[in-house]
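The next block holds one structure in the form of structure tokens; read it before the comments.
The values are calculated or read from the model by the stated rules, or taken from the named source; none is laboratory data. Just so it is clear, the structure is predicted and the values come from calculations on it, not from any experiment. Heads up, the Cβs are rebuilt from the backbone with ideal geometry, glycines too, and the neighbour counts pull from every protein chain shown. Heads up: the accessible areas ignore ligands, DNA and RNA and are worked out on the full protein's heavy atoms, side chains in. Shrake-Rupley method; radii C 1.70, N 1.55, O 1.52, S 1.80 Å.
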Amino acid sequence: IVKDPYRLDFLGLDEGYTERQLEDALTTRITALLTELGPGFSFVGRQVPLRVGGTDFYLDLLFYHLHLRRFVVIELKTGPATPEAIGKLGFYLRVVDDQHRRRDHGDGPTIGILLTGSRDDVVVEYALQSASGPMAAVTYLALPPEIRQALPSPGFLSAALTSADS
């Protein structure tokens, strides 16, 4: 019934790690994202498959909001928000409502968030006017490359913290 073994090599832990280090590594990435999203978000999955007709589609990120009792689809785009991306997100909302939403459990309509590198507010406004469900197009902030290069790497910081604990 339960998967065995779990592959956790993606955590990049050195040999001799403690239970606390394992727990920290497992939760750091998802905890940071959930904290940024706000209270009530529960992670469901990434690249969640949706079968429509004879075609497979994959949601970038799927969450469930515990207080709103709704699924939340997050579609990721590194470039600008486009009408095509907003249309695709609307398609995903309808499919999630049909395949995952449980009205008998009190689930509300699925919410869609297009998380983009940039947006033209006028284009987004026009594209969202034809949206059939609750959607938003928002941007994310990332450090510019010149600043990112000046910062220490995660490996360096991890080594520094490990040596400080010793």
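Considering only residues of segment 31-51 that are at pLDDT 85 or above and among the β-branched types (V, I, T), which is nearest to L66 (Cα to Cα)? Among them, the one singled out is V44. Only residues that are open to solvent by 60 Å² or more (accessible area, probe 1.4 Å) and not in a helix (DSSP H, G or I) were counted across segment 29-40, and they come to 1. The set of residues in segment 95-134 that are under 19 Å from the mean Cα position of the chain (by Cα) and surrounded by fewer than 15 Cβ atoms within 10 Å (Cβ to Cβ) comprises G117, S118. Just one of (1) without any contact (Cβ under 8 Å) to a residue 12 or more places away in the chain; (2) open to solvent by 70 Å² or more (accessible area, probe 1.4 Å) fails for L26. It is (1).
In the set Y58, Y92, Y64, only one residue is open to solvent by less than 50 Å² (accessible area, probe 1.4 Å), more than 30 Å from G155 (Cα to Cα) and without any contact (Cβ under 8 Å) to a residue 24 or more places away in the chain; that residue is Y64.
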